[in-house]
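Have a look at the structure below before the remarks.
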Number of protein chains: 2
Amino acid sequence: MDSSDLKQAGLKTTLPRLKVLSILENSKIRHLSAEDVYRELLNDETSLGLATVYRVLTQFEEAGLVIRHNFEGEKAVFELNDLEHHDHMICIKCGRVIEFVDPSIERHQELVAERHDFTIQDHSLTLYGTCKTCTPA
Amino acid sequence: MDSSDLKQAGLKTTLPRLKVLSILENSKIRHLSAEDVYRELLNDETSLGLATVYRVLTQFEEAGLVIRHNFEGEKAVFELNDLEHHDHMICIKCGRVIEFVDPSIERHQELVAERHDFTIQDHSLTLYGTCKTCTPA
DNA sequence: GTATATGCAAAACTTTTGCATCCTT
DNA sequence: AAGGATGCAAAAGTTTTGCATATAC
């Protein structure tokens, strides 16, 4: 992702937008809150206002560059929309986020929706529990 | 549900709690925000403070009497925990909430979790789209 | 040069908390 | 009588907005 993605989205290539994009691409942690992004930039010589970070992330979401998640109890987090669609497992002990795809689940969502004459536009599936490391043996 | 459910949950039988319980049981709409509950009580001779509604709903959640949902973009909503487990479809046009259960989906959640050595404690599956009435033909 | 973007501070909105008072047991 | 529950107002946390200034094209 680079400035051409911004242009395509109808967004001017500005330093704040490039910085946010770069954080999203290079951060070790894939799911970041607006404040996470803001804080990563604080060390930076020219940091951004938190309001700008929110505005940029919202524009990115509208442009389809990022996906916003509202996981339980947390503030909103954002991830780059650069992978195939996937759902999430979240470890309630260490916070780790595991991404997964399950075609059977996807298919059955469609089937159950059809059964109710419902047209799916989007869905959100999140499993909460403990990961390999955090599950007591 | 009545005062005995409160006692069992270790909660004193108070008027505010009974009122909230009664709203949850008798409201036409099943999924209510704290403010929805608060507003239904405003006409009432003795209404409750919003803070009390939040406290009561939180206690009910801890006691397992209600389930709290954080649907996308909305404030938290609460529903009585009096049905079997189920997931939700939400019409993004009319706000209607349809409850459903799909054993295949449940099963495949377990399978995919196992594959990742993940132990599910809870999950949240919500389909967003348009219902029968709101889907353009 | 013009339109759009940003920064800052203030506002908005949801939810929680402190504390004095009241109610249930 | 004692402990827990409530109301009110204030605080906290997250996200949005108004407006003057700065920046991209």
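Around the amide H of residue B:66, modelled in the peptide plane, lie the amide H atoms of B:61, B:81, all under 5 Å away and 5 or more residues distant in sequence or on another chain. Per residue, the convex hull around the alpha carbon atoms of the protein assembly as shown comes to 182 Å³. Among the trypsin sites (Lys or Arg not before Pro) within the stretch A:60-130, those in coil by DSSP and having at most 10 neighbouring Cβ atoms inside 10 Å are A:75. Take residue B:85, push a point 7 Å out from Cα through the beta-carbon direction, and compare it with the same point in every other copy: 2.3 nm, smallest first. Within the stretch A:53-137, DSSP assigns beta bridges of which about 65% are antiparallel (rounded to the nearest 5). Each residue of the stretch A:47-55 was assigned a 3J(HN,Hα) from its phi angle through the Karplus expression (A = 6.51, B = -1.76, C = 1.60, θ = phi - 60°), giving 8, 9, x, 4, 4, 5, 4, 4, 5 Hz with x at Gly and Pro. Using bins of 10 Å that start at zero, the share of Cα-Cα pairs per bin across the stretch B:1-92 amounts to 16, 53, 27, 4, in whole %.
Translational diffusion of the stretch A:81-137, estimated by Stokes-Einstein from the Kirkwood radius over alpha carbon pairs at 10 °C in a medium of 1.306 mPa s, is 121 µm² per second.
When only Cα pairs below 8 angstrom with a gap of at least 6 residues are kept, the stretch A:1-129 shows a relative contact order of 18 percent. When the GluC sites (Glu not before Pro) in the stretch B:20-88 are filtered for DSSP coil states and for at most 13 other beta-carbon atoms within 10 Å of their beta-carbon, the remaining sites are B:45, B:74, B:84.
Under 18 Å Cα to Cα from residue B:132, which lysines show up? Leave out anything in the same chain fewer than 8 places away. The reachable lysines, counting only those whose Cα sits under 18 Å from residue B:132, are B:93. Label-point spacing at residue A:51 relative to the other copies reads 3.0 nm, in ascending order, each point sitting 7 Å out from Cα along Cα→Cβ. The phi-based Karplus calculation (6.51 cos²θ - 1.76 cosθ + 1.60; θ = phi - 60°) puts the 3J(HN,Hα) values of the stretch A:5-20 at 5, 5, 4, 4, 7, x, 10, 4, 7, 10, 4, x, 5, 5, 5, 4 Hz, whole numbers, x for Gly and Pro. Note every residue of the stretch B:90-118 with a reduction of at least 50 square angstrom in accessible area, all protein chains present versus the isolated chain, computed with a 1.4 Å probe, or write none. Residues meeting the cut-off: B:105, B:108, B:112, B:116, B:117, B:118. When a 1.4 Å probe is rolled over the protein heavy atoms, the share of accessible surface on the stretch A:1-90 that falls to carbon and sulfur comes to 48 percent. GNM on chain B, C-alpha springs below 10 Å: top fluctuator among B:31, B:85, B:116? Answer for the Gaussian network model of chain B: B:116. A point 7 Å from Cα along Cα→Cβ stands in for residue A:14, and the other copies hold the same point at 4.9 nm, listed in rising order. Taking a straight line from the alpha carbon of residue A:12, these aspartates and glutamates sit under 17 Å away, with near neighbours fewer than eight places off in the same chain left out: A:2, A:61, A:62.
In the stretch B:26-137, the alpha-carbon atoms span a convex hull of 146 Å³ per residue.
The sum of -39500 (n - 2.57) across all DSSP H runs of n ≥ 4, divided by the residue count of chain B, sets its helix-only mean residue ellipticity at 222 nm to -11000 deg cm²/dmol.
Take the accessible area of chain B alone and of chain A alone, subtract that of the pair, and you get about 3100 Å² summed over both chains, using a 1.4 Å probe. Between residue A:70 and residue B:46, the C-beta separation translates, for a Förster distance of 35 Å, into a calculated FRET efficiency of about 0.50. In order along the stretch B:72-78, the Karplus-derived 3J(HN,Hα) couplings, from 6.51 cos²θ - 1.76 cosθ + 1.60 at θ = phi - 60°, round to 3, x, 8, 7, 4, 10, 10 Hz, and Gly and Pro are given as x.
The values are calculated or read from the model by the stated rules, or taken from the named source; none is laboratory data. All values reported here derive from a predicted model rather than from experimental measurement. Methodologically, a virtual Cβ is constructed for each residue, glycine included, from the backbone with ideal geometry; neighbour enumeration extends over all protein chains shown. Accessible surface areas use protein heavy atoms only, side chains included; no ligands, DNA or RNA. Shrake-Rupley method; radii C 1.70, N 1.55, O 1.52, S 1.80 Å.
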